[in-house]
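In what follows, a structure is listed as structure tokens, so that the remarks can point back to it.
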Amino acid sequence: MVGITAFGAYIPFNRLDRRKIAEAYGEPVPPGEKAVANYDEDSVTMAVEAARDCLAALQPGSLGGVYLATTTSPYREKLSAATVAAALDTPDTVRTVDFTSSLRAGSAALLAAADAVHSGTDNVLVAVADCRTAAAKGQFEQLFGDAAASFVIGSSNVLAELEDACTVTGDVLTQWREADDRYVRAWEDRFVVSRGYGPLVTKALASLAGKMRLTPGDVHKLVLYAPSHRYLAGTARSLGFEQSQIQNGLFGEVGLAGAAHAPLMLASALESAQPGQRILFATFGEGADALLFRATANAGRFMPHRGVTGHLQSKKNTMNYLTYLRWKGMLDFEPPRRPDPERPSAPAMWRNTRNNLAFYGSRCNSCGTPQIPAQRVCVHCRAKDEMSGHRFADTPARIATYTIDHLTVSQDPPTVFAVVDFEGGGRLLCEMTDCDPAAVTIGMEVEMTFRRLFKAGGIHNYYWKARPKR
Amino acid sequence: MSIRDKVAVIGMGCTSFGEHWDKSANDMLIDAAYDALADAGLAPDDIQAYWLGTCASGWAGISLSEPLKIQYKPVTRVENFCATGTDAFRNACYAVASGAYDIAMAIGVEKLKDSGYSGLVITPPPGDGTAPNYSAPAAFSLLAPAYFSKYGLDPATGKKVLARIAYKNHKNGALNPKAQFRKEVSMEKILQSPIVAAPLGVMDCSGVADGSAAAIIVRAEDAGKYRPDPIYVKALSVVAGPGHGAMHQDYDFTSIRETYHAGVDAYRQAGITDPRREISMAEVHDCFTPTELVIYEDLGFSARGRAWQDVLDGVFDLDGRLPVNPDGGLKSFGHPIGASGLRMLYEMYLQLRGQAGPRQIDNPKLGLTHNLGGFPWEAVCSVCIVGKEPG
């Protein structure tokens, strides 16, 4: 049996209340809020966070593959799945692939993972993340949100078996970004739905239903990608599904999250799936993928660390529209009179790949003191070369002292730097993120999160920051 | 094992400190060097070896030999963060004490105002880019909440203590014609200055200035040949720390260990057992107000947890029991890194010889200078003690 053995989600802490957009332009907006990746987040960091959400029950060493699906890769040339795998501390024998360019990238990665498991690779992690930018004052700006979801596809302890799948390909120009486009372009809605989305999704679902001799009544939840709330309900009902069967599209909570949208809904559906229930999952993008899952007797025995439910509840929605523009790089602020960061050195990054991406320090074999960054001479007993690797990524920590820096270069000043004391020993002076500077206190509980420190010379520099415990 | 009374300073020069838009580092080196030569009554050819302290305004000995047209003599460039100037002096003293040379010059310079940046910027060597990019005030501001919290100061009282330090230093600087800022600043203005790194405001930070200072060193027994009132070196200490505080949880950010250890070493060399009583005056590294606060405790001027009360009681004022930063400190002078340590020594040279004008302290015997480079948890520190009399 091949199917989903673990799942997780990541929804950025910050949400933009759509009324802030309405206030800016004096025009009506859809209800609710949208999730906004912080300026130090991108699809890679969100994929890592979603993967960490589902890996609580699984050792990274057991992963045979790490597949990243996104339409917003930080690089046009350079594999991002390799960064995700390194951050998760997988062995270097793991198979890594980026699935890109299509809103169907997530389901394509899931299908490829299932194929890999069928042919003998076990435990393939699929992380789907997207943070698409839309031009200011447009419908897409109102609609789009940022999020990520993750799944492990495997053959033991399966929670939801992949019973069958069906793909339809159709090269319809509905929405696109040319290689140098910053913002999503689209043809008019009526064409997109009547000649693209509608018929392709219907054909994929109908083909699958025909193969499996399914009727809507056999399906507990329909997890359906849709370009908007309206088309979700309309399409589902035209296919014969009841309102109660339609998985919430999270348009009012997260927004339309690109390739990650339907996968996020799937992760949400899995949180409440009962043994025997069927979940029909369909995506769209130059065609459609339809996948039929059936929850096994294991359903309910696995729960992600926070999951969709936990992430939805952990939020701050007071950001203003100018901050949103700033984070998305759509508004140039006067830079401080400080030098921009130098590009990082590739050899130095290479020497420290494991320490920086998987967040290893060291622990002294002589006296037991954990320390980060990794040392050769012990900071406590000065034993030389008596160190073992010690990973701090999941270690709870507290703030020993902190500062709010108004002078340093940042996309969102002021920057909070904190001295973080890890439970069991070890201390790091690092940047904080997703925090309200005024609310930071000595003794505050923090957790580590994978972020992009800065970009220089075309190099995205990833490392870890502390955030208040979500 | 001590440098005590082995060497003496027989001449010094110091430029005014400030925004010298019209002067290069070379210009300031020439001014300070020739001032020192004139003060000692010497000609350029009398100097046998040079130690040049500069953090980032030049590289190698030629940064000094070229502007001064030094004729093929030893010039060593020294860099040790904010301890650069004092370390240049230290090395020159050792060279003379060893007998390798009879007369040496230590000179420091920094040209900060050509960068266009606010504050000091040092470009690190290429790296993996993961070191946190905090500004210097942010790094030192970490001391404040930790100190307040440990000793039960509410934020308002803590802020007032810090402001009182800045107030004192500006008050002293107002009396100094060589200072960058020569005005008293009210407590209110300091307390209300815009926040740079909470809780520090702009007025909790030292200024950004250009400057240069120089000293000429001979063996103590020769000093009388050059002038009747030389000053004598009693102790020279430079320590570099292991970076322990950023990695080990037993450091609590209310002290800077490098300062403590340099102090202990210097007091041993000078035979001082009760610094609060024996030291007549001190020039310490007030890069930011919380730095000066913890220095008082690390150097034994105040008991642990008591420095804030001593500040409020005026212990370190110009007319207090132990005047600190009588010339106005980094607060009034700015901090041209390579020059600061020698600028501090210049004030000791003036005070010990009764030449400090309206800032003159009554009959000082021993003066201490202190520099701190790096960060509270990972620093180099220099302490120098000089005296009016040998023995």
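B:GLY158 satisfies every condition listed in (1) within 30 Å of B:LYS388 (Cα to Cα); (2) not aliphatic (A, V, I, L, M); (3) not in a loop (DSSP other than H, G, I, E, B) except (1).
Looking at B:LEU372, B:LEU330, just one residue is hydrophobic (A, V, I, L, M, F, W, C), in a helix (DSSP H, G or I), closer than 19 Å to B:TYR296 by Cβ and touching a His at 6+ places or on another chain (Cβ under 7 Å), and that residue is B:LEU330.
If you go through segment A:429-464 and keep only what is surrounded by fewer than 15 Cβ atoms within 10 Å (Cβ to Cβ) and of a type in the set (Val, Ile, Thr), you end up with just A:THR441.
Within segment A:439-458, the set of residues being in contact with a helix residue (DSSP H, G or I) (Cβ under 7 Å, 6 or more places away or on another chain), part of a strand (DSSP E or B) and over 18 Å from A:ASP340 (Cα atoms) comprises A:THR449, A:PHE450, A:ARG451. Checked against the criteria, A:ALA260 counts as surrounded by 22 or more Cβ atoms within 10 Å (Cβ to Cβ), assigned by TED's automatic domain parsing to the domain that holds A:LEU143 and in a helix (DSSP H, G or I).
Only residues that are within 9 Å of another protein chain (Cβ to nearest Cβ) and either touching a Cys at 6+ places or on another chain (Cβ under 6 Å) or in a loop (DSSP other than H, G, I, E, B) (or both): list them for segment A:314-353, please. Within segment A:314-353, A:PRO336, A:ARG337, A:ARG338, A:PRO339, A:PRO341, A:GLU342, A:ARG343, A:PRO344, A:SER345, A:ASN352 qualify. Residues that are exposed (fewer than 13 other Cβ atoms within 10 Å of the Cβ) and basic (Lys, Arg) within segment B:173-195 comprise just one, B:LYS183. Condition check for A:SER207 on (1) over 27 Å from A:ALA127 (Cβ atoms); (2) free of Cβ contacts under 8 Å to residues at least 60 places away in the same chain: one failure, at (2). Considering segment B:118-142 alone, what residues qualify as being more than 8 Å from chain A (Cβ to nearest Cβ), crowded, with 18+ Cβ neighbours inside 10 Å and of a type outside the set (Gly, Ala, Ser)? Listed by number, the residues that qualify are B:LEU120, B:PHE140. Among the residues of segment B:61-72, are any surrounded by fewer than 18 Cβ atoms within 10 Å (Cβ to Cβ), small (Gly, Ala, Ser) and over 24 Å from B:ALA100 (Cβ atoms)? No, segment B:61-72 contains no residue that is surrounded by fewer than 18 Cβ atoms within 10 Å (Cβ to Cβ), small (Gly, Ala, Ser) and over 24 Å from B:ALA100 (Cβ atoms).
Of all positions in segment A:369-380, at least one carries a residue that is outside the structural domain of A:ALA87 (by TED's automatic domain parsing), part of a strand (DSSP E or B), touching a strand residue (DSSP E or B) at 6+ places or on another chain (Cβ under 6 Å) and over 30 Å from B:SER149 (Cβ atoms).
I'd like to know if segment A:388-405 contains one or more residues that are surrounded by fewer than 22 Cβ atoms within 10 Å (Cβ to Cβ), free of Cβ contacts under 8 Å to residues at least 24 places away in the same chain, part of a loop (DSSP other than H, G, I, E, B) and more than 7 Å from chain B (Cβ to nearest Cβ). Scanning segment A:388-405, I find no residue that is surrounded by fewer than 22 Cβ atoms within 10 Å (Cβ to Cβ), free of Cβ contacts under 8 Å to residues at least 24 places away in the same chain, part of a loop (DSSP other than H, G, I, E, B) and more than 7 Å from chain B (Cβ to nearest Cβ), so the answer is no.
Looking across segment A:406-438, the residues that are in a loop (DSSP other than H, G, I, E, B) and more than 9 Å from every other protein chain (Cβ to nearest Cβ) come down to A:GLN411, A:ASP412, A:PRO413, A:GLU423, A:GLY424, A:THR433, A:ASP434, A:CYS435, A:ASP436. Yes or no: B:PRO326 in contact with a Lys or Arg (Cβ under 6 Å, 6 or more places away or on another chain), over 18 Å from B:VAL238 (Cα atoms) and surrounded by 22 or more Cβ atoms within 10 Å (Cβ to Cβ)? Here the answer is yes, as B:PRO326 does meet what is asked. Scanning segment A:354-372 for residues that are more than 8 Å from every other protein chain (Cβ to nearest Cβ) and surrounded by 15 or more Cβ atoms within 10 Å (Cβ to Cβ) gives A:ARG354, A:ASN355, A:LEU357, A:ALA358, A:PHE359, A:TYR360, A:GLY361, A:SER362, A:ARG363, A:CYS364, A:PRO370. Applying the set (1) farther than 15 Å from A:MET46 by Cα; (2) more than 10 Å from chain B (Cβ to nearest Cβ); (3) touching a residue at least 60 places away in the same chain (Cβ under 8 Å) to A:ARG451 leaves exactly one unmet item: (1). Condition check for B:GLU347 on (1) touching a residue at least 24 places away in the same chain (Cβ under 8 Å); (2) more than 28 Å from B:ALA56 (Cβ to Cβ): one failure, at (2). Quick one: is B:GLY367 at pLDDT 95 or above and either among the charged types (D, E, K, R) or in contact with a helix residue (DSSP H, G or I) (Cβ under 6 Å, 6 or more places away or on another chain) (or both)? Answer is yes for this residue. Can A:ILE442 be described as closer than 20 Å to B:TRP377 by Cα and modelled with pLDDT under 95? Yes, satisfied.
Among the residues making up segment A:121-160, those that are of a type in the set (Val, Ile, Thr) and in a loop (DSSP other than H, G, I, E, B) are A:THR121, A:THR133, A:VAL158.
Among the residues that make up segment B:76-88, is at least one of them in contact (Cβ under 8 Å) with a residue 60 or more places away in the chain, surrounded by 20 or more Cβ atoms within 10 Å (Cβ to Cβ), within 13 Å of another protein chain (Cβ to nearest Cβ) and in a loop (DSSP other than H, G, I, E, B)? No. When restricted to residues that are surrounded by fewer than 18 Cβ atoms within 10 Å (Cβ to Cβ) and over 27 Å from A:PRO227 (Cβ atoms), segment A:92-127 contains 8. Selection of segment B:290-309 for residues being part of a loop (DSSP other than H, G, I, E, B) and either modelled with pLDDT under 95 or in contact with a Gly (Cβ under 7 Å, 6 or more places away or on another chain) (or both) yields B:LEU299, B:GLY300.
Please specify each residue of segment A:459-470 satisfying the condition of being farther than 25 Å from B:VAL196 by Cα and not in a loop (DSSP other than H, G, I, E, B). Those that are farther than 25 Å from B:VAL196 by Cα and not in a loop (DSSP other than H, G, I, E, B): A:ILE459, A:HIS460, A:ASN461, A:TYR462, A:TYR463. All conditions in (1) free of Cβ contacts under 8 Å to residues at least 12 places away in the same chain; (2) closer than 29 Å to A:PRO74 by Cβ hold for A:LEU266, with the sole exception of (1).
The values are calculated or read from the model by the stated rules, or taken from the named source; none is laboratory data. No experiment lies behind these values; they were computed from the predicted model shown. Cβ coordinates were reconstructed from backbone atoms using ideal geometry, including for glycine residues, and neighbour counts include every protein chain displayed.
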